[in-house]
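Student: Have a look at this one before I ask anything.
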Amino acid sequence: MSKFKVACIIDDDPIYILTTKKIMEQVGFCEEIIVFNNGRQAIEGLSELSAAGRQMPDVILLDINMPVMDGWQFAEEYKQLSLPCNADIYVVSSSIDPEDIKRAHLTPCVKSYLTKPLTRSILEGVVNEQRGGDAGMQSES
Amino acid sequence: MERERQFIRVSAVVIFSISFIVLLGWIFDIQLFESAFPGYKGMKVNTAICFMACSGGVFFYARNEVKDAWRAHFLVFLSVLISGITVTEYATGIDLYIDELFIKDNNQSVSNPYPGRMAFTSAAGFLLLGIGLWGTTGRKLFRSIAQMMFHVVTLASFVVGTGYIFRVPTFQRLSFFNSMAFHSALLMLLLSIIASALLPQFGFARLFMDRETGSVMARRLFPIMFFAVLALGLIRLQTHLFEVVTVEMGITSYGALFILISLLLIQNTANRLNLLDRKRKQAEAELKDLNANLESKVQAQTKELRESNIRNRIFVEMAPSAIAMFDTEMKYIAASQAWMEDYGLNGQQIIGRSHYEIFPEIGEDWKQIHRACLKGAVNKNSEAHFKRADGTDQWLMWDVRPWYASENEIGGLLMYTADITEIKNRKEEVKSLLAVSVEQNERLKNFAHIVSHNLRSHSGNISVLLELFLHEHPELATNELIVHQLQASENLKETIAHLNEVVAINTTVLDSMKQLNLHLYIESAMQNVAPAAAAKKVMINNHVGRDVSVAAVEAYLDSIILNLLTNGIKYSSADRVSYININASREGSYILLSIEDNGVGMDMKVIGDKIFGMYKTFHGNSDAKGIGLFITRNQVEAMGGKVICESEQNVGTTFKIYLKHE
């Protein structure tokens, strides 16, 4: 039972990408997964998808610390692209700095802040939130 | 002055009135009015007219107003005209028809050869008076001459009047062609006197009208003398006429009486003068006394001032800081020893010399400050920079203010300076040190953040990888290597969590400080550790008063108490009945929380402050991680408190935690 059609992972850590993909498959998170290794790639990739008229992601899992273009910059540019996509952005980071959490909640399009490691239960929570629409998602390992 | 004017005006009116009555007598032919004494010569019409004109003239002159002067001039002109023509008639023998111009004179007699013509004496008198009156408004020379003319008239009319009194018939003629009437003579006398009074600064008038002592005396003496002589003369004549005494006797007694009266007068005057002199001397003495008094007062004040100046000087010189006292010209009055040393003036004579002479490098800015202060301003600066002549930097704290010689008089300046170069340099040093440590602290924090963040992502990856691995290979869950792998991963996560906790402290503590009830927090912690305490048979006693509160962060206070209680239980001694006593007391602005146990204790000589270090464990306990006390100390210090540990091997340990009271 796939809850999302297309999920997008933007992260530079291959182990995280691998494990997250695996957990997504296990919990039936989505039908298709798109991966970008930094913000710049993601902006360009999403623009191309949009231009080709392809299916845009429903949900984006966004890392903060990335080379070339970090998560914050991505969020800023993503907003200005005004792509025909209505994705919920989840900021996913190892940082437990309250400043980062505060900033994430103040950034437009960002739905919530999730702390790594991203476990099965957290992703299930995201799915449930999508389904229920309201259950607050704030996780701590 | 006004009294004299009054006298002149009243007299003028009197003269005018009498002569007017005489004129009426002539018009209505009343004999009594023409001659005051029946059988005596009467006053002529022209004489009466001249009297009226002259008295009117004097009246107006006495008013001292410009427009009145012209009226006066005219009236006097009238008199001069009539008298001038009459005098001409006498002199030439020609009848100019002035005598009976106005009214006919019916008195034909030997003694009246020219009917209606006024006496020559009168005519001459009016001529002199008239010309003199004109002169009163002229220059000084004219006025002086006018006064002499008045005096001549006074004398003449006096002589005529006296002749009447003494009944000397020859006097009436006075070797002239004919003579004045008696009342004419009196009126002429009065008229000439008031004319004289118009010029108080000239002739005899001055003698009688002056305010000086001599004049006062003359005024007193003259009338008495005058009447005495007249009276004596009259008596002498009467006695002679009635042949009461012989001529010799008469003259002798006249002389004797005159001398007697003079003597009395002189005595009286002398007494008066003496009295005046005494009064003057007394006044002088009083003045002298007053002056002497004043002088001694001034001397006393000067002395006092000098003494207070000396006191000030001693005070300034003995002052332990750099103080100097200046007069209003910026000359040194005094300077303290510290001043001499601070400004390198030792061995120099500076008292009495100008500040600007000693320090020629002093600029206009300073001179302006000095000037302002000399006008009453107070100037100060707590940090002023100077470049000394030798190029070194000097920092001064200074204060310049006026000192007051008396309540309103500024006596000069007081200058106080302190060399704070040393302090200033120290301050700068401390400031730069602080900046360095702040920067280091910041870098350390960043470092800790990055380390903890990176560690977290790796450990997170490891734990998720393990989880997925076990999910795919559930049969390996009991594999010893995998089990240890899981344990290692868990430990790593925990260590990183602690590390994060330490990093998180110090960031936003002060905002979240609250007033918390210490007793309740201890109770809650005791409940948390109750199972562990029971297992180790440790008795925990909360002796903290129910009303004791501290300013703290909730989570920190919880964590601190919990950590210390856990420690106390963990290191309890198996050899005795274990207890933990918790007390609180007030220490200044702190609450001292002491947690005392009778556990295994530590040798503080060996351990010292390292007990609060990170990852230090001092017991063989397998679950000692060495992070708890480190976090505790960080939390206490982040809340503005401190923590001390007292311990003795095998006796027990006491933690003393100082927390802000409010």
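Student: Taking a cut-off of 29 Å between Cα atoms, list the lysines near B:LYS331, but don't count ones fewer than 8 places away on the same chain.
Tutor: Straight-distance partners of B:LYS331: B:LYS297, B:LYS303, B:LYS367, B:LYS375, B:LYS380, B:LYS387.
Student: Can I ask one more? Rounded to the nearest 5, what % of DSSP beta bridges with both residues in the stretch A:4-132 are antiparallel?
Tutor: 0
Student: Along Cα→Cβ, 7 Å out, is where each label goes; now give me the distance between the ones at A:GLU124 and B:ARG313 in nm to one decimal.
Tutor: Distance between the two pseudo-spin positions: 10.1 nm.
Student: Using a 7 Å offset from the Cα along the Cα-to-Cβ direction at both B:LYS427 and B:ARG63, what is the distance between the two label points in nm, to one decimal?
Tutor: Taking the simple label geometry, B:LYS427 and B:ARG63 are separated by 8.9 nm.
Student: Across the stretch B:344-351, in residue order, what do the Karplus-derived ³J(HN,Hα) couplings come to in whole Hz, using 6.51 cos²θ - 1.76 cosθ + 1.60 with θ = phi - 60° and x for Gly and Pro?
Tutor: Running phi through 6.51 cos²θ - 1.76 cosθ + 1.60 with θ = phi - 60° gives x, 9, 4, x, 9, 8, 10, 4 Hz.
Student: Also, I was wondering about something else. Could you size up the charge dipole of the stretch B:425-504 around its Cα centre, putting +1 on the beta carbon of Lys and Arg and -1 on that of Asp and Glu, and report it in debye to the nearest 20?
Tutor: Once rounded to the nearest 20, the dipole reads 640 debye.
Student: Report, to the nearest 10°, how far helix B:213-241 tilts away from the longest principal axis of the Cα atoms in chain B, using its own Cα long axis and a range of 0 to 90°.
Tutor: Around 20 degrees separate the two axes.
Student: Follow-up question, since we're still on this one. Loop-only trypsin sites (Lys or Arg not before Pro) in the stretch B:457-561, please: DSSP not H, G, I, E or B, and at most 16 other Cβ atoms within 10 Å.
Tutor: Of the trypsin sites (Lys or Arg not before Pro), the ones in loops of the stretch B:457-561 whose Cβ has at most 16 other Cβ atoms within 10 Å are B:LYS537, B:ARG546.
Student: Send over the semi-axes of the stretch A:77-122's equivalent ellipsoid, whole angstrom and largest first, taken as the square roots of 5 times the C-alpha gyration tensor eigenvalues.
Tutor: So the equivalent ellipsoid measures 22, 14, 7 Å along its semi-axes.
Student: Further question on the same structure: Starting from the Cα of B:LYS279, draw a straight line to each of the lysines and keep only those under 21 Å, dropping any in the same chain fewer than 8 residues away.
Tutor: B:LYS288
Student: What size of dipole, in debye to the nearest 20, comes out for the protein assembly as shown about its Cα centre when the only charges are +1 on Lys and Arg C-beta atoms and -1 on Asp and Glu C-beta atoms?
Tutor: Charge dipole of the protein assembly as shown: 6340 debye, to the nearest 20.
Student: How big is the dipole moment of chain A about its Cα centre under a simple scheme where the beta carbon of each Lys and Arg is +1, that of each Asp and Glu is -1, and everything else is neutral? Debye, nearest 20, please.
Tutor: Value, rounded to 20: 300 debye.
Student: Once the other residues with Cβ under 14 Å from the Cβ of B:HIS473 are scored (Lys, Arg +1; Asp, Glu -1), what is the net sum?
Tutor: Net charge in that neighbourhood comes out at -2.
Student: Taking θ = phi - 60°, what integer Hz values does the Karplus form 6.51 cos²θ - 1.76 cosθ + 1.60 yield along the stretch B:641-656, in sequence order, with x for Gly and Pro?
Tutor: Per residue, the Karplus-derived 3J(HN,Hα) values read x, 8, 9, 10, 10, 10, 8, 9, 3, 6, 10, x, 10, 10, 9, 10 Hz.
Student: Still on this model: What average number of partner chain Cβ atoms lie no more than 10 Å from the Cβ of the residues making up A:115-127?
Tutor: 3
Student: Could you work out what % of the accessible surface of the protein assembly as shown is carbon and sulfur, using a 1.4 angstrom probe and leaving DNA, RNA and ligands out of the count?
Tutor: So the carbon and sulfur contribution to the accessible surface is 59 percent.
Student: Let me ask you something else. Regarding the stretch A:1-68, what whole-number volume in Å³ per residue does the convex hull of its Cα atoms give?
Tutor: 71
Student: Within the protein assembly as shown, what percent of beta bridges assigned by DSSP are antiparallel, to the nearest 5?
Tutor: 70
Student: Just to be sure I understand: of the beta bridges DSSP finds with both ends in chain B, what percent are antiparallel, rounded to 5?
Tutor: Expressed as a percentage, antiparallel bridges in chain B total about 90.
Student: Take the protein assembly as shown, drop everything but the C-alpha atoms, weight them equally and run the Debye formula without solvent; then report log10 I(q)/I(0) at 0.07, 0.08, 0.09, 0.11 Å⁻¹ to two decimals.
Tutor: Here log10 of I(q) over I(0) equals -0.87, -0.97, -1.01, -1.20.
Student: Do the sum for the protein assembly as shown: with -39,500 (n - 2.57) for every DSSP H run of n ≥ 4, divided by all residues, what is the mean residue ellipticity at 222 nm, to the nearest 500 deg cm²/dmol?
Tutor: So the helix-based figure for the protein assembly as shown works out to -19500 deg cm²/dmol.
Student: If amide H atoms are built 1.01 Å from N in the plane of the peptide, which residues on other chains or at least 5 residues away come under 5 Å of the amide H of B:TYR579?
Tutor: Sorted by chain and number, the residues that satisfy this are B:MET539, B:ASN598.
Student: Moving on. Report the Stokes-Einstein translational diffusion coefficient (µm² s⁻¹, integer) for the stretch A:4-132, Rh taken as the Kirkwood radius over Cα pairs, at 10 °C with viscosity 1.306 mPa s.
Tutor: 109
Student: For the stretch B:309-364, which GluC sites (Glu not before Pro) pass both filters: DSSP loop (anything but H, G, I, E, B) and at most 12 other C-beta atoms within 10 Å?
Tutor: Loop-located and lightly packed - B:GLU329, B:GLU361.
Student: Now for a separate question. What does the charge add up to near B:GLN649, with Lys and Arg as +1, Asp and Glu as -1, over the other residues with Cβ less than 11 Å from its Cβ?
Tutor: Neighbourhood net charge equals -1.
Student: Kirkwood hydrodynamic radius of chain B from all distinct Cα pairs, in Å?
Tutor: Computed over chain B, the radius equals 40.0 Å.
Student: Which loop GluC sites (Glu not before Pro) in the stretch B:243-309, with loop taken from DSSP, have no more than 14 other Cβ atoms within 10 angstrom of their Cβ?
Tutor: B:GLU243
Student: Quick check on the stretch B:510-660: what does the Kirkwood estimate of hydrodynamic radius come out to from the alpha carbon pairs, in Å?
Tutor: That comes to 15.5 Å for the stretch B:510-660.
Student: Let me ask something additional. For the stretch B:271-377, go through all pairs of different Cα atoms, get the mean of 1/r, take its inverse, and jot down that Kirkwood value in Å.
Tutor: About 17.7 Å, per the Kirkwood formula over Cα pairs.
Student: List the aspartates and glutamates whose Cα lies under 16 Å from the Cα of A:LYS3, skipping any in the same chain that are fewer than 8 positions away.
Tutor: A:GLU25, A:GLU31, A:GLU32, A:ASP58, A:ASP88, A:GLU124, A:GLU129, A:ASP134
Student: Work out how much length B:LYS387 to B:LYS367 would gain on full extension: take 0.36 nm times their residue separation and subtract the Cα-Cα distance, in nm to one decimal.
Tutor: So the extension gain works out to 5.5 nm.
The values are calculated or read from the model by the stated rules, or taken from the named source; none is laboratory data. This is a predicted model, so every value here is computed, not measured. All Cβ positions, even for glycine, are placed from backbone atoms using ideal geometry, and neighbour counts span all protein chains on display. Please note that ligands, DNA and RNA were not included when accessible areas were found on the heavy atoms of the full protein model with its side chains. Shrake-Rupley method; radii C 1.70, N 1.55, O 1.52, S 1.80 Å.
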